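What follows is a single structure, written as structure tokens, with notes after it.
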Amino acid sequence: MNKTGIVKSTFRFALIVAVVLAMTMAQNVAAQDVAVGSATATVLAALTVTAGTLVFGSVYQGVPKAITNDNADAGVFSITGAAGAGVSMYMQLPDYVSITGDSDRMVISFSATDCNIDTAGVSSGDPTAFLAANGYADDNPHNLPTTNFDAASSIEIFLGGTVLPTIDQTAGAYTGDIILTVAYDGT
Amino acid sequence: MKRSESLIPGNQAGFGRRFFCLLVVFILISTKLSAGVLVAPTVVFMSDKNRTGRINVQNPTDKPIEVTISFGFGLPESDSLGNVKVVIEDSNVVDPRSALDWVRAFPRKVLVPPNGEQVVRLVARPPQNLPEGEYWARIIVRSQQGQTTIPTAGESDGITTTLNMIIKTAIMLKFRNGQMNAELEVTNIQTSRDDKKLRVIVDMANHGNASYLGRISCRVLDADKKQVALAGTDLAVYRNLKRKLEMPYVPGEHLMPFEVEIKITSEGRTDIAREFMVFGNEINRVVYLD
């Protein structure tokens, strides 16, 4: 092979390498494009429920203590869901609270007017900010109404109650459960 | 299981999501939280071709929550006044369309850390020769504060009380076996009014083998064809359902009689991906209210 032939074949080899490199780089660029283009996000409809406890503070033997539904210490359930969706709610309330070890029990009662329900979602979790025009005032917690999420997508339930310690109620710490069940009625 | 996707157009969906997130954050900040849970999606679809599913459980609070997954059965049921309730049963369910006995969740009990997330996987093991149709169960996500503080009495004769706030979120699970169809019939419409509200009660019967999912809307026009009121809600009819729509109005402000337009359609659901929708018939009715 003469000198010109060697130069030609070297040039041809370099050209092939350059073309292959260029194609590889182009593929990488394309792959990067695809990777960026394929970034996806999936939106799932969600139902959120949060709760703040009903606080009675210190209670004295023989002295009933009531927390009203518009008191800052009232229990709070906040439900957030899809605007326009119907929601069914059911509350299970205790008849008594028990001392650790269940050696004594204290009666707790919830009347048919112990509940405020803000269907406009404007109370922002504050029982004292509830206005009757924004939902159901003094409603029955034993039979909550079926309602719809309006444009604010938020419902808040404010719960009051009364504990009734006896004159010989054992001193100590009492606990009980309040259970709220929430279900969409349109799914 | 495939995840559902938003059907809301771009900017609107973005705004809606941002508004929803801000709303949740605002409520969480301003509420004295002791427990909380976010569950998504709000309905899970499984089938003879895809017997697995999943739900996401998030803890939106700054304390750990204990989450327990179980199953129940409960369909939307209505009373004579059109009020709809979902009553959950967890035992002695005899409904032939119940999937309660053959769906399982993993894990069934988990501690979700503050602001953490847990995926719960679902598996269906339907019996052999299951007749064609849709089968139902409710996924019950029970959550309460994970580290329960044992209260202490403040004084020697003192009595203190702590109430554990427990939340149960009931999510619908639908298992579809074979070809699905939903065929809705409106069997009766009642209208009434008092000095504050207009009421429309619609009786419906589903003749299909799958639940009819859609929306019911109602528009009231006066004698001059001016709009008096508008209402609508998501709809799920499994067998029979009587649904009430209430609309506020001001008596004397509009010319009677009122024309009530009722529309029921499978379109318009933004919470369920189209691939999971069983599109049924559309119904349009007009009735008059004196």
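From zero outward in steps of 5 Å, how is the percent of C-alpha pairs of segment A:48-184 spread across the bins?
In order of increasing distance, the bins hold 2, 10, 21, 22, 17, 12, 8, 5, 3, 1, 0 percent.
Compute the signed sum of charges (Lys and Arg +1, Asp and Glu -1) over the other residues within less than 13 Å, Cβ to Cβ, of residue A:84. Numbers along the way, then the final one.
Values: positive: B:215, B:269; negative: A:150, A:185, B:234, B:271.
Within the 13 Å Cβ shell, the charges total -2.
Which whole number gives the average, over all residues in A:75-87, of C-beta atoms from other chains lying within 10 Å of the residue C-beta?
Details: counts 4, 7, 5, 7, 3, 7, 3, 7, 4, 10, 7, 8, 3.
Average neighbour count from other chains, rounded to a whole number: 6.
Using the crude model of +1 on Lys and Arg Cβ and -1 on Asp and Glu Cβ, and no other charge, please compute the dipole size for segment A:48-184 relative to its Cα centre, in debye to 20.
Values: 2 positive and 14 negative charges, 18 e Å.
Using Cβ point charges on Lys, Arg, Asp and Glu, segment A:48-184 gives about 80 debye.
What percent do you get for the relative contact order of segment A:48-184 when only Cα pairs under 8 Å and 6+ apart count? Please list the in-between numbers first.
On the way: 343 pairs, mean separation 53.5, N = 137.
Here the relative contact order equals 39 percent.
How far apart, in nm, are two points set 7 Å out from the Cα along the Cα-to-Cβ line at residue B:261 and at residue A:113?
Going from the residue B:261 label point to the residue A:113 one covers 4.4 nm.
Would you please give the FRET efficiency between residue B:108 and residue A:98, computed as 1/(1 + (r/R0)^6) with r the Cβ-Cβ distance and R0 = 35 Å, to the nearest 0.05? Write out the running numbers ahead of the final one.
On the way: r = 26 Å, r/R0 = 0.75.
For residue B:108 and residue A:98, the calculated efficiency is 0.85.
Using packing as a proxy for protection, rank A:57-65, B:129-137 so that the peptide with the highest average count of other Cβ atoms within 10 Å comes first. Write down the numbers at each step before the final one.
Numbers: A:57-65: 13.6, B:129-137: 16.8.
Most protected by this proxy first, the peptides run B:129-137, A:57-65.
Cross-link partners among aspartates and glutamates for residue B:174, C-alpha distance below 12 Å, same-chain residues fewer than 8 apart left out?
Filter leaves B:48, B:134.
Just add up the charged neighbours of residue B:72: K/R +1, D/E -1, any other residue whose Cβ is under 11 Å from the Cβ of residue B:72. Write down the numbers at each step before the final one.
Details: positive: B:138, B:142, B:168; negative: B:89, B:90.
Computed value for this residue: +1.
Under a crude label model (7 Å from the Cα following the beta-carbon direction), how far is residue B:224 from residue B:128 in nanometres?
Taking the two extended label points, one gets 7.2 nm.
Where the centre of each part is set by its Cα atoms, how far does segment B:265-280 sit from segment A:66-87, in angstrom?
Measuring centre to centre over Cα atoms gives 30 Å.
Based on C-alpha coordinates, I'd like the Rg and Dmax of segment B:146-290, in Å.
22.8, 74
For segment A:47-113, what is one quarter of the convex hull surface built on the Cα atoms, given in nm²?
Details: hull surface 26.1 nm².
So the Cα hull casts an average projection of 6.5 nm².
Using the 2.2 N^0.38 Å rule of thumb for compact globular proteins, work out how segment B:200-283 stacks up: its C-alpha Rg over that value, please. Let's see the in-between values first.
On the way: Rg = 14.9 Å, N = 84, 2.2 N^0.38 = 11.8 Å.
Relative to the 2.2 N^0.38 Å estimate, segment B:200-283 comes out at 1.25.
Where a Cα-Cα gap under 12 Å defines reach, which aspartates and glutamates qualify for residue B:197, not counting those fewer than 8 residues away within the same chain?
Excluding near neighbours in sequence, the set is B:246.
Determine the dipole magnitude for segment B:184-289: charges of +1 sit on the beta-carbon of Lys and Arg, -1 on that of Asp and Glu, nothing else is charged, the reference point is the Cα centre, and the result goes in debye to the nearest 20.
Working: 16 positive and 15 negative charges, 34 e Å.
With only Lys, Arg, Asp and Glu charged at Cβ, the dipole is about 160 debye.
No lab work stands behind these numbers, since they all come straight from the coordinates. Remember, it's a predicted structure, so these values are computed and weren't measured experimentally. Reconstructed Cβ throughout: ideal geometry from the backbone, glycine too, with neighbour counts over all protein chains shown.
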